1. Here is a check on your reading of the model: is residue 95 within 21 Å of residue 23 (Cβ to Cβ), out of contact with any Phe, Trp or Tyr (no Cβ under 6 Å at 6 or more places or on another chain) and loosely packed, with under 14 Cβ neighbours inside 10 Å?
2. Mind listing just one residue for me: the one in region 74-92 that is of a type in the set (A, V, I, L, M, F, W, C) and farther than 20 Å from residue 51 by Cβ and, of those, surrounded by the fewest Cβ atoms within 10 Å (Cβ to Cβ)?
3. Name the single residue, out of those in region 49-71 being part of a strand (DSSP E or B) and among the charged types (D, E, K, R), that is farthest from residue 95 (Cα to Cα).
4. Would you point out the residue of region 22-46, among those that are part of a loop (DSSP other than H, G, I, E, B) and out of contact with any helix residue (DSSP H, G or I) (no Cβ under 8 Å at 6 or more places or on another chain), that is nearest to residue 67 (Cα to Cα)?
5. When you go through (1) over 27 Å from residue 119 (Cα atoms); (2) touching a residue at least 12 places away in the same chain (Cβ under 8 Å); (3) not in a strand (DSSP E or B) one by one for residue 86, which number turns out not to apply?
6. Counting just the residues of region 11-37 that are closer than 24 Å to residue 75 by Cα and among the polar types (S, T, N, Q), which one comes out surrounded by the most Cβ atoms within 10 Å (Cβ to Cβ)?
7. Scan region 97-126 for residues that are in contact (Cβ under 8 Å) with a residue 24 or more places away in the chain and over 15 Å from residue 55 (Cβ atoms) and jot them down.
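A short reminder: the numbers here are calculations on the coordinates, not readings from a lab. All of these numbers come straight from a predicted model, not from anything done at the bench. Note that each Cβ is placed from the backbone with ideal geometry, even for glycine, and that neighbours are counted across all protein chains shown.
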Amino acid sequence: MIVLPDALRAALLASGAERPADPVPLLKLFNPLGPATWLATELDMDGDTLFGLADLGFGCPELGSFSLHEIGAVRLPFGLGIERDRHFEGGFPLSVYAEAARQSGSITESPQALERAAAALRQRRRDDPELPPRGG
């Protein structure tokens with residue numbers, strides 16, 4: 001079972017209610033024995049459905065919804081389970097993490113990779129006026 005502190009749960013629920021255009025991830029879950037990682041930006045009112053970027057370690061991270069209950073029910077060897085990164089602080093909007101994951105094939109927190117992804121997204125928005133501006 002993954003326990004979310006009250007303040008974090010409230011922030012995820014508020015983000016889910018507000019639906020900002022390009023939110024910063026608030027929660028990171030990870031497999032301590034493997035490559036699976038989830039970055040969540042919001043929690044639905046059902047208290048279970050998270051939205052964000054999921055990477056199961058197959059080289060194709062994707063945006064979508066996932067179940068906090070199902071992730072928390074995963075049982076790994078040695079009595080371990082999926083864990084919450086208590087030190088995670090999202091420093092970029094979700095679109096930047098998604099672009100960096102697209103470029104590298106996995107979710108990354110490398111500052112250099114995230115800066116490159118942010119620059120690529122800025123350039124893409126300048127080159128294509130049909131794309132919405134960041135946050136819109």
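1. no
2. Initial filter on region 74-92 (of a type in the set (A, V, I, L, M, F, W, C)): 74, 76, 78, 80, 82, 88, 92.
In the following step, the residues that additionally are farther than 20 Å from residue 51 by Cβ were identified as 76, 78, 80.
Working: 76: 14, 78: 6, 80: 12.
Step by step, filter region 74-92, then rank; the result is 78.
3. The extreme case among them is 55.
4. Filtering region 22-46 down to residues part of a loop (DSSP other than H, G, I, E, B) leaves 22-26, 31-36, 44-46.
Among the residues that remain, those that are also out of contact with any helix residue (DSSP H, G or I) (no Cβ under 8 Å at 6 or more places or on another chain) are: 31-32, 34-36, 46.
On the way: 31: 15, 32: 18, 34: 19, 35: 18, 36: 14, 46: 10 Å.
Among those that are part of a loop (DSSP other than H, G, I, E, B) and out of contact with any helix residue (DSSP H, G or I) (no Cβ under 8 Å at 6 or more places or on another chain), it is 46.
5. It fails just one condition, (2).
6. 37
7. 118, 121, listed by residue number.
Quick grid of which residues meet (1) of a type in the set (Val, Ile, Thr); (2) more than 12 Å from the chain's Cα centre (by Cα); (3) farther than 21 Å from residue 7 by Cα:
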site	(1), (2), (3)
63	no, no, yes
78	no, yes, yes
82	yes, yes, no
92	no, no, no
